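> Let me give you the structure first, and then I'll get to my questions.
The values are calculated or read from the model by the stated rules, or taken from the named source; none is laboratory data. Fair warning: this is a prediction, and the values are worked out from it, not measured in the lab. As a convention, Cβ positions derive from the backbone with ideal geometry for all residues, glycine included, and neighbour counts pool all protein chains shown.
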Amino acid sequence: MPDFVETLPEPRFLGDLSTIAFKTEYRSLKEAPATQFYRPCLLNAIIYKRAVGYFRSSVFLVIGTSIVEFARRGGKINLICSPELEPDDIDSIAAGYARRSEIIEKRLISDIDRLLAEPSTSYQAQILATLISAGNLDIKLALRADRKGLYHEKIGVFRDGIGNAVSFKGSANETWSAWHLHGNFESIEVFCSWRGGLEEARVRNHEYHIDHLWSGSDSDVEVFPFPSGALDHLKRAALRGLDAVEDIPFETNARSALPHQASALDAWAVHNYRGIFKHATGSGKTFTAILAIREQVEKIVPQLSWSQVGCCSHNG
């Protein structure tokens, strides 16, 4: 497997990942992976490589200002993720390869407009645009070459400037729900290059897989640049620069319905509480259903507080 070869122009900060006492495993609610793993890695790394099924800019609510500090000192993120596609989109791409970029670009522009229009996600989308415009974040998209299912693995590698690397693999996507205390219950396993032996081998193996995907050398997964039209559309929302990014607000309280979730609940009520919720993957179907259950429980037993119903309101 090839050694790490990417270089950065004289980074102002080298970091030292080996100073962090990493556990071999992090599980939601048990070891707080966002605060004990993700943020310390960003604060001690200059490169972050991530290959993942889903990415949402809402992840910035979890990692907060550490992503801005990472970027300001010249940190670089290479991200590979699946595009948000409906089954009809996938069928159309499979039927006509030439339409791939057109179909995906149209879907991405629609998603970008939705993120920017909703108060709960607009600032995170602007930060995403700013990181891309500043050259700190490069995104590529991945599709299975045979068009049967999604690219859905989840691996990541952090590297500092003195040769140390940390890799991780597990259930977590690059989303709010995957990393936040009030999100899903996830787990990741962590491997450190300086520990030698099998751990070092796992780090090299994970980095090889990501680099192989990034270069387009994996025959089973088609990896291609973010469509230029969608990229230009997103960049228009960028702030003046990284110095214009203010502190990223953290969500510490229990979640409330996002606009699209509230609309679904309103429509459900109008139709006499009958119907089927149809939301994109990762948009909070489970949480919307929990809110619906809460509404019904409170109608049946109005004196029962939501805290007595259970803690499931924190699921995403």
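> Given the options Y208, Y123, name the one that is at pLDDT below 90 and aromatic (F, W, Y).
Result: Y123 is the single residue among Y208, Y123 that is at pLDDT below 90 and aromatic (F, W, Y).
> Any residue that is over 24 Å from the mean Cα position of the chain (by Cα), at pLDDT 75 or above and either among the polar types (S, T, N, Q) or not assigned by TED's automatic domain parsing to the domain that holds A34 (or both) - is there at least one of those in the range 276-285?
Within the range 276-285, one or more residues are over 24 Å from the mean Cα position of the chain (by Cα), at pLDDT 75 or above and either among the polar types (S, T, N, Q) or not assigned by TED's automatic domain parsing to the domain that holds A34 (or both).
> Inspect the range 69-76 for any residue being surrounded by fewer than 21 Cβ atoms within 10 Å (Cβ to Cβ) and closer than 19 Å to A178 by Cα and give the result as yes or no. Steps first, answer last, please.
Taking the range 69-76 and keeping what is surrounded by fewer than 21 Cβ atoms within 10 Å (Cβ to Cβ), we get 69, 72-74, 76.
Right, trim to closer than 19 Å to A178 by Cα and you get none.
Checked against the condition, which is being surrounded by fewer than 21 Cβ atoms within 10 Å (Cβ to Cβ) and closer than 19 Å to A178 by Cα, the range 69-76 yields no hits at all.
> Could I ask something else about it? Test each condition in (1) more than 24 Å from Y208 (Cβ to Cβ); (2) modelled with pLDDT of 95 or more; (3) among the hydroxyl-bearing types (S, T, Y); (4) out of contact with any helix residue (DSSP H, G or I) (no Cβ under 8 Å at 6 or more places or on another chain) for T65 and report the one that comes out false.
That leaves (2) as the condition not met.
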